[in-house]
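Notes for the one structure printed next.
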Amino acid sequence: MCCESKRRFLLLYATQKGQAKAIAEEIWQQAGAHGLEADMHCISEMDKYNLETEKDPVVIVISTTGTGEPPDTARKFVKKIQDKTLPPDHFAHLQYGLLGLGDSEYMFFCNGGRTVDRRLQELGAQHFYDTGLADDCVGLELVVDPWIDGLWLALKEALQLQKEKEGMNNAVNAVSSSLSTVPHAVHELKLTSEVQNLKLEDEGARGSDTLSQKLDDINHVAPAGDAEPSLVHSVPPVSQSALNIPALPPEYIEVEFQDTQGENPHLSSLISEGRTFEVPVTKAILLTREDAVKTALLLELDIADTAFEYQPGDAFCVICPNNVSEVEKLLQILGLSEKGDDFVCVKVKQGTKKKGAVRPQHIPERSTLKFILTWCLEIRAIPKKAFLRALVECTSDAGEKRRLQELCSRQGASDYTHFIRDSHVCLLDLLHAFPSCKPSLSLLIEHLPKLQARSYSVSSSDLYQPGRLCFVFNVVEFPASPSRPVSRRGVCTGWLAELVAPLLRPSKSSQGTKGESSSTEKISIFPRPNNAFHLPEDPSVPFIMVGPGTGIAPFIGFLQHRQKLREQHTDWQFGETWLFFGCRHQDRDYLFKQLQCFLKNGTLTHLKVCFSRDSSTVEVAPPKYVQDVLRLCAKEVARVLLKERGYFYVCGDKKHMADDVSDAVVDILSVEMEADKLEAMKILAMLREAKRYLQDIWS
């Protein structure tokens with residue numbers, strides 16, 4: 001524990017992909033400049049702190065994962081505080097401030113932070129500082145930066161208030177009395193995700209945690225012909241501003257090259273989520289025509305000889321590598337092309353100033369350099385501002401150095417959002433744009449996040465296809481842009497497509513004239529069960545499925561499962577089933593024409609399809625989107641949901657579909673119930689709460 005005389009506060013973080021931890025580390029680094037010391041821990045390390053006896057202020061930084069769940073590292077903590085036997089004054093002694101991270105593209109924005117915040121309040125804890133909710137959809141820094149700026153005054157006031165109370169009386173009742181009578185010491189900051197109302201002021205240098213970069217110190221001037229800013233050029237006012245840039249993160253990793261040989265770690269050692277399975281790809285099917293806008297593939301995996309279990313509606317994760325050519329290019333830029341197969345030892349640098357520095361869990365202590373860059377680091381990650389700040393020190397050209405400083409500065413926040421964040425710029429793009437930047441390998445290990453396994457919805461039923469697991473995906477394409485000179489495919493979908501490309505040859509199949517082939521390639525996977533997105537337990541309950549494009553994937557598993565149940569249990573009562581499917585063109589990307597088979601054998605009661613890009617010659621044009629078809633079936637939808645207490649499932653793209661479907665359901669409920677829109681929204685909220693309106697969506 002930190003010494004009390006140093007004005008200690010407890011700093012906890014709960015992270016899924018590393019963002020919350022990075023922000024907590026920034027708070028820890030800045031604390032010293034404000035005469036404070038942060039006692040920082042991951043929230044999962046409950047043996048290193050005790051909120052039940054904590055007297056100092058607590059700062060919590062927590063992200064959200066999945067469909068609104070707290071991150072994996074916070075699950076035990078959340079389970080502990082949600083114990084219903086805890087009294088309402090359990091945390092009455094606790095003062096805290098909470099920063100939640102989320103993405104407003106998803107329904108339950110910042111729900112991880114909101115869940116913890118709400119429960120702490122229910123147990124009597126008091127805010128010493130307003131809760132901040134940062135939105136990754138528009139840029140976390142738009143809320144994170146001012147929230148951290150205001151934190152220091154709030155902490156000092158809370159600590160001062162605590163000191164005064166302790167001086168007056170150490171008795172618990174006196175402390176409780178003073179807490180209720182002394183005005184709440186909060187540096188008011190109304191921080192929300194509505195960033196259009198947020199104005200960032202240039203406050204000059206903020207002590208030792210920032211650096212004011214004077215124009216006199218740089219020689220870079222944007223070329224006169226460049227009227228517009230770009231990744232590599234700025235224009236006034238940014239180009240003429242003194243800059244507030246973040247503190248330089250302390251170095252803490254050391255890499256040693258070794259002459260010895262050996263074997264790389266097994267991929268399962270990189271995964272903390274549970275057991276992994278290496279399984280063969282037994283079939284690959286091209287579901288779309290070559291002239292379709294997107295390429296969709298179905299892969300079948302053989303899980304017969306494994307203990308892998310799943311239900312229709314579950315998801316699973318694929319462990320994937322970075323693109324081989326990108327790894328080679330990075331090695332070339334680092335000047336390490338000849339050492340890719342050399343073994344390296346990664347350890348913490350002696351004498352580092354980084355508090356509690358440890359080797360990142362996703363980095364093996366010993367492996368080849370190529371293994372680290374291929375399987376461990378997300379080299380496609382959008383660089384954080386702290387990384388840009390570190391790259392400044394590796395850049396020799398004055399103009400390039402200045403531009404990198406601008407991009408990580410308060411004044412360059414808009415440029416960072418536009419040219420890096422929204423343009424999906426990665427490290428390779430930066431090194432191409434700023435050729436004098438030559439970072440060390442240790443710097444990459446310090447700043448690049450873990451290469452995450454990619455999640456996919458199961459598109460099969462083990463009852464229908466024992467020992468087989470199928471999934472469907474679009475091959476993600478990132479076209480070239482001014483900030484990113486080369487086009488790329490998605491890390492995992494591009495790798496999978498390349499893996500099975502030699503196996504996709506035209507042949508007649510049950511899917512129509514699609515490419516299909518067998519394979520002996522293997523991939524590593526691990527389960528990610530979905531606790532809610534499953535078929536109703538009672539087979540007599542009707543349900544509606546909405547899944548345009550590859551969003552249809554889990555519903556194929558639903559229908560396969562239902563068909564097998566109907567065959568095995570002829571005496572059961574089965575509720576009606578509705579499927580709303582949409583795609584661009586009927587003849588190019590109608591992914592599963594076998595839907596007609598489900599319709600003919602009675603497994604599927606109603607099939608409604610639409611094609612958004614097909615032209616029509618009829619007088620009344622057919623509906624283009626699934627939400628339009630839903631409105632045409634308003635009475636039936638309302639009957640299933642309200643009278644028959646059925647289920648409603650939505651799977652697919654969040655940004656362009658899920659919200660529109662939700663709006664359509666609200667409109668349907670409003671009209672059919674003859675109620676206003678607010679009442680209809682309440683009904684939909686109740687359906688969500690009852691787990692009868694379920695979503696499996698992505699952005």
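The values are calculated or read from the model by the stated rules, or taken from the named source; none is laboratory data. Nothing here was measured: the structure is a model prediction, and the numbers come from that model. Note: ideal-geometry Cβ built from the backbone for every residue, glycine included; neighbour counts use all protein chains shown. Remember, those area values only see protein heavy atoms, side chains included, never the ligands or the DNA or RNA. Shrake-Rupley method; radii C 1.70, N 1.55, O 1.52, S 1.80 Å.
Using all pairs of distinct alpha-carbon atoms, the Kirkwood hydrodynamic radius of the range 231-278 works out to 17.2 angstrom. Across the chain, Cα pairs under 8 Å and at least six residues apart give a relative contact order of 11 percent.
Each Cα pair under 8 Å and six or more residues apart adds its separation to the average, and for the range 549-613 the resulting relative contact order is 42 percent.
Highest first, please rank the peptides 417-426, 542-551 by the mean number of other Cβ atoms sitting within 10 Å of their residues.
Ranking, from highest mean packing down: 542-551, 417-426.
For Glu365 and Gln240, the difference between the fully extended length at 0.36 nm per residue and the C-alpha to C-alpha distance is 40.5 nm.
The lysine pair count for the range 7-162, using Cα distances under 28 Å and pairs eight or more places apart or on different chains, is 21. Using a cutoff of 8 angstrom between alpha carbon atoms and counting only pairs six or more residues apart, the relative contact order for the range 7-162 works out to 22 percent.
Size estimate for the range 638-680 follows the Kirkwood approach: the inverse of mean 1/r over distinct Cα pairs works out to 11.2 Å. Expressed as a fraction of 2.2 N^0.38 Å, the C-alpha radius of gyration for the range 543-697 is 1.05.
Restricted to Cα atoms, the chain shows a radius of gyration and a Dmax of 27.7, 86 angstrom. Using a Förster radius of 45 Å, what is the FRET efficiency between Leu632 and Glu278 based on their Cβ-Cβ separation? Nearest 0.05, please. After rounding to 0.05, the efficiency reads 0.45.
Spin-label model, Arg613 to Thr260: label points 7 Å out along the Cα-to-beta-carbon direction sit 5.6 nm apart.
Taking 7 Å steps out from each Cα toward its Cβ at Asp291 and Ser396 produces label points 5.3 nm apart.
Each Lys or Arg adds one and each Asp or Glu takes one away; over the other residues whose Cβ falls under 14 Å from the Cβ of Glu679, this sums to -2. On a per residue basis, the convex hull of the C-alpha atoms belonging to the range 7-162 measures out at 99 Å³. At a probe radius of 1.4 angstrom, the accessible area of the range 371-442 per residue rounds to 28 square angstrom. Structural size metrics of the range 286-365, computed from C-alpha coordinates, are Rg and Dmax of 20.8, 59 Å. Phe257 sits among other residues whose Cβ lies under 15 Å from its own Cβ, and their net charge, with Lys and Arg +1 and Asp and Glu -1, is -3. For the range 407-464, the calculated P(r), taken from all Cα-Cα distances in 10 Å bins from zero up to the bin holding the longest distance, is 16, 34, 26, 11, 10, 4 percent.
Pairs of Cα atoms in the range 27-110 fall into 5 Å distance bins, from 0 up to the last occupied one, in shares of 3, 12, 18, 24, 20, 14, 8, 2, 0 percent. Taken over the range 254-317, the alpha-carbon convex hull comes to 232 cubic angstrom per residue. FRET efficiency for the Gln465 to Arg688 pair, using the beta carbon distance and R₀ = 25 Å, is estimated at 0.20. Please give me the summed charge of the neighbours of Leu499: other residues whose Cβ is under 10 Å from its Cβ, Lys and Arg +1, Asp and Glu -1. Summing Lys/Arg as +1 and Asp/Glu as -1 gives -1. Counting only protein heavy atoms and a probe of 1.4 Å, the accessible surface of the chain is 49% carbon and sulfur.
Taking the DSSP bridge list for the range 1-131 and keeping only pairs wholly inside it, about 5 percent are antiparallel.
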